[in-house]
1. For region 326-393, what is the accessible area per residue in Å² when the probe is 1.4 Å?
2. Amide H of residue 257 versus every other amide H placed in the peptide plane: which residues, excluding those fewer than 5 positions away on the same chain, fall under 5 Å?
3. Give the lysines reachable from residue 237 as a straight Cα distance under 25 Å; neighbours fewer than 8 places away on the same chain don't count.
4. When you count, for each residue, the other Cβ atoms within 10 Å and take the mean per peptide, how do 95-104, 123-132, 229-238, 404-413 rank with the highest first?
5. Per residue of region 164-178, what does 6.51 cos²θ - 1.76 cosθ + 1.60 with θ = phi - 60° give for ³J(HN,Hα)? Whole Hz please, x for Gly and Pro, Karplus curve as stated.
6. So if we plug the beta-carbon distance of residue 332 and residue 429 into 1/(1 + (r/R0)^6) with R0 = 45 Å, what FRET efficiency do we get, rounded to 0.05?
7. At a 1.4 Å probe radius, carbon and sulfur cover how many percent of the accessible area of region 326-393?
8. When the chain is fully extended, how far beyond the present Cα-Cα distance does residue 515 get from residue 352, taking 0.36 nm per residue of separation?
Amino acid sequence: MRHLLLSRLLLRRSCPLPNHHLPLLRALSSAPSPISSDAELRKYAGYALLLLGCGAATYYSFPFPADALHKKAVPFKYAPLPEDLHAVSNWSGTHEVHTRVLLQPDSVEALEGALAAAHKERRKLRPLGSGLSPNGLALTRAGMVNLALMDQVLDVDVKRKTVTVQAGIRVAELVDALGEHGLTLQNFASIREQQVGGFTQVGAHGTGARLPPVDEQVISMKLVTPAKGTIELSREKDPELFYLARCGLGGLGIVAEVTLQCVERHQLVEHTFVSNADEVKKNHKKWLSENKHIKYLWIPYTDSVVVVKCNPPSKWRTPKLTSKYGKDEALQHVRDLYRESLKKYRTEAESNDPEIDTLSFTELRDKLLALDPLDKEHVVRINKAEAEYWKKSEGYRMGWSDEILGFDCGGQQWVSENCFPTGTLGNPSMKDLDFIENLLQLIEKEDIPAPAPIEQRWTARSKSPMSPASSSEEDAIFSWVGIIMDLPTSDARQRKEITEEFFNYRSLTQTSLWDDYSAYEHWAKIEVPKDKEELAKLQARLRKRFPVDAYNKARMELDPNKVLSNAKLEKLFPVLEPVHQAK
């Protein structure tokens, strides 16, 4: 191409200028009179050739890459981040901040020093944890502290079944360490990558109507505060503050060490099968009572619900630990749909890619959704394929509790999870199933491209007043329902469209369901509205459910300079500054 352009330029130098260029040359001329001589013509032709020559010189002095013709023009690029600027995002990539202050102390003393300095200088130093919260609860550009270097097991009391750890240890590492002593944690969330401090501070939970959220496993803690230094809390030492701080959202202090109540390490048998709404209603009370762990995975636009029960092996009569279908048979329907969809949205060549046969179910689902994530009919086809997959995956498996209770959530996604009371274990109100029935009807009525699954779990109550499952009723049970919208693409425009659709989905569930069922979002999944009126309504709503005044009072005593705070915490729990009268 470059050689062709050069030959054309040389050709133009040796040939007479065509007559159709004369108007252009006249426009370039500053002379008031028309061109009247060959000398003038040669003069202006020389100017034109000079311009072309400059263009050629520029082209060869600053050559384009070989594939430049196939690339879109980019007017500018962002400068690379400075070396001292850290980009920190949550797991889903939905929230990100850039900060120059990201500390990693390796001891309680170092943490105390960092907080004392921040308090004195009125600087932010928000506890980060693993940064997994879907709503970016821990993030702030003003400054953060991560306890990843404080990850030691300090003491294991096998007789009392307790463990004391530094709060930076990850759940997976703690479970491995406990296994050597024949112990484990009582319950688990879907993943095990959380730091223990954050795991307990946001009121994380697993499932099981007799098992409380994980903050109930905390029996004592060492809390490092900006104003009061390090304080030790337990049921015996300052119990009021202890219960408030167990689910303190990192706003009362940084949990440096924590003692957890454990249980004996045990195996579970997981039974997975597909049912329907009528069958679930008929058996729900019995299933809640009889099963140690149970959850439902509802699939929108189908009559299918996946039921997953987990119990100690002793409760089963040696079940056959194999599925009726093999893994490839279970996945074949999903693979076929992906290949058909590739032909429609991409090319037939891509549909023949042998790599498709190596993908897991969640990987296939993500790739299917990425083709057209907001087309309702496309999503419905994927949901139906998922129902078929689960029907062919029915069966049993057995393993250690931490392995069995984990769940592959798939790729990046938006999520909103609500917690609401649903009676007692002895007398369930059945509001949990009413909630789901109304939610599924809402999805179909509004044509929401809602992907599967809608996960429904249960816990017992928590005595931590800031927990969404807090209750004074001893045998109260709570249902947790999570809606999602996957982000299976890195395309910024597409992610923006998915985000807008998700918040429409969330808003419809909020206006239609939340107040009727006294439902409140999980602290790690609550999103702060940008609209001032909506924010005021949220603040008022939180005050009805949680002891906001007591929480803010403790914050101002332990952290008067709001070192541990961020914009999200300030908007959820605004503190009115005292008015100082002029003397």
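1. Numbers: 3430 Å² over 68 residues.
That works out to 50 Å² per residue.
2. HN-HN under 5 Å from residue 257: 167, 222.
3. 159, 161, 222, 228, 463, 553, 562
4. Top of the packing list down: 123-132, 404-413, 95-104, 229-238.
5. 3J(HN,Hα) across region 164-178, in whole Hz: 10, 9, 6, 6, x, 5, 7, 4, 4, 5, 5, 4, 4, 5, 5.
6. The formula returns an efficiency of 0.60 here.
7. The computed percentage sits at 44.
8. 53.7 nm
The values are calculated or read from the model by the stated rules, or taken from the named source; none is laboratory data. Bear in mind that the values here come from a model prediction, so they are computed numbers and not experimental data. All Cβ positions, even for glycine, are placed from backbone atoms using ideal geometry, and neighbour counts span all protein chains on display. Surface accessibility is based on the protein's heavy atoms, side chains included, excluding ligands, DNA and RNA. Shrake-Rupley method; radii C 1.70, N 1.55, O 1.52, S 1.80 Å.
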